[in-house]
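J.: Sharing a structure below in structure tokens format, with a few things to ask.
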């Protein structure tokens, strides 16, 4: 089913790389339609030339913001003011905030308080408070891996995944919460539970395109394909191998 969410995409040009733009817009299309696409920065200088080359191609509107005072980020302020103006129009279902800057933590929280969804996009160096303030956070290293560049995400082996105690705990806890009395849980329910616990969780961060592939690679769960109702569709169910 087509996702009809209306989204406002706001990009901090000072804290995002133009190499992500193709992957970024493709990712956003999974969540809805980008009705507004704006990017903020001081376009009078040479520092944003890389972005200038891709704006017209992707219909992203550049918003000029001079750096009035050295050491003060006027771009952040302009972006936050615009976001609040767009929020008050009531025309959007959610916002995509593209930056690795923690200054947008309060903005993300405020938008969510209004009942709208917030998708954050930033590098893995993004401070945890901003990541946690979003409903979902996607690391841009994953988006760059889509481009014609060297892969930035290396697929983790089964032994490496098992040694990641945070990942193992997250998967097992989500499976337990979603499981029935026999210990089996469908993958979709597990994914939903994980999203609530960890906004920045993404199987692609471990080198796997899908959650099912990641779960399979851990070798920590029994797997079972089950037919859904009277249809030909199937769903993956998993159970912790420790279950007795």
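The values are calculated or read from the model by the stated rules, or taken from the named source; none is laboratory data. Note that this is a predicted model, so its numbers are computed, not measured. No Cβ is skipped: glycine too gets one built from the backbone with ideal geometry, and neighbour counts run over all protein chains shown.
J.: Please give the number of the condition residue 58 fails out of (1) modelled with pLDDT of 90 or more; (2) farther than 19 Å from residue 143 by Cα; (3) surrounded by fewer than 17 Cβ atoms within 10 Å (Cβ to Cβ).
T.: (2)
J.: Which one is farthest from residue 74 (Cα to Cα) among residues in segment 20-38 that are in contact (Cβ under 8 Å) with a residue 40 or more places away in the chain, over 14 Å from the mean Cα position of the chain (by Cα) and surrounded by 17 or more Cβ atoms within 10 Å (Cβ to Cβ)?
T.: That would be 22.
J.: Now, a different point. Tally time: how many residues in segment 201-219 are in a loop (DSSP other than H, G, I, E, B), in contact with a helix residue (DSSP H, G or I) (Cβ under 7 Å, 6 or more places away or on another chain), touching a residue at least 40 places away in the same chain (Cβ under 8 Å) and buried (at least 17 other Cβ atoms within 10 Å of the Cβ)?
T.: Matching residues across segment 201-219 total 2.
J.: Moving to a separate point now. Of the residues 100, 109, which single one is at pLDDT below 95, outside any strand (DSSP E or B) and assigned by TED's automatic domain parsing to the domain that holds residue 18?
T.: Just a single option satisfies the conditions, and that option is 100.
J.: If you don't mind, there's one more thing I want to ask. Give 137, 130, 95 a once-over and let me know the one that is assigned to a helix (DSSP H, G or I), in contact with a strand residue (DSSP E or B) (Cβ under 7 Å, 6 or more places away or on another chain) and modelled with pLDDT of 95 or more.
T.: One residue alone meets the criteria, 130.
J.: Regarding residue 162, is this residue part of a helix (DSSP H, G or I) and either under 15 Å from the mean Cα position of the chain (by Cα) or assigned by TED's automatic domain parsing to the domain that holds residue 207 (or both)?
T.: In short, yes.
J.: Quick test of your reading of the structure: residue 149 fulfils all but one of (1) at pLDDT below 95; (2) under 19 Å from the mean Cα position of the chain (by Cα); (3) under 29 Å from residue 8 (Cα atoms); (4) not in a helix (DSSP H, G or I). Name the failing condition by number.
T.: Residue 149 satisfies every listed condition except (2).
J.: Additional query: Restricting to segment 20-50, name every residue that is assigned to a helix (DSSP H, G or I) and at pLDDT 90 or above.
T.: If the condition is that a residue be assigned to a helix (DSSP H, G or I) and at pLDDT 90 or above, then 20, 21, 22, 23, 24, 25, 26, 27, 28 are the ones that fit.
J.: Being surrounded by fewer than 19 Cβ atoms within 10 Å (Cβ to Cβ) and closer than 22 Å to residue 128 by Cβ narrows it down to one of 235, 198, 174, so name that one.
T.: 198
J.: Taking interchain pairs and intrachain pairs at least six residues apart, which have beta carbon atoms under 6 angstrom, with the first residue in segment 173-194 and more than 14 Å from residue 241 (Cα to Cα) and the second surrounded by fewer than 16 Cβ atoms within 10 Å (Cβ to Cβ)?
T.: 186/235; 193/177
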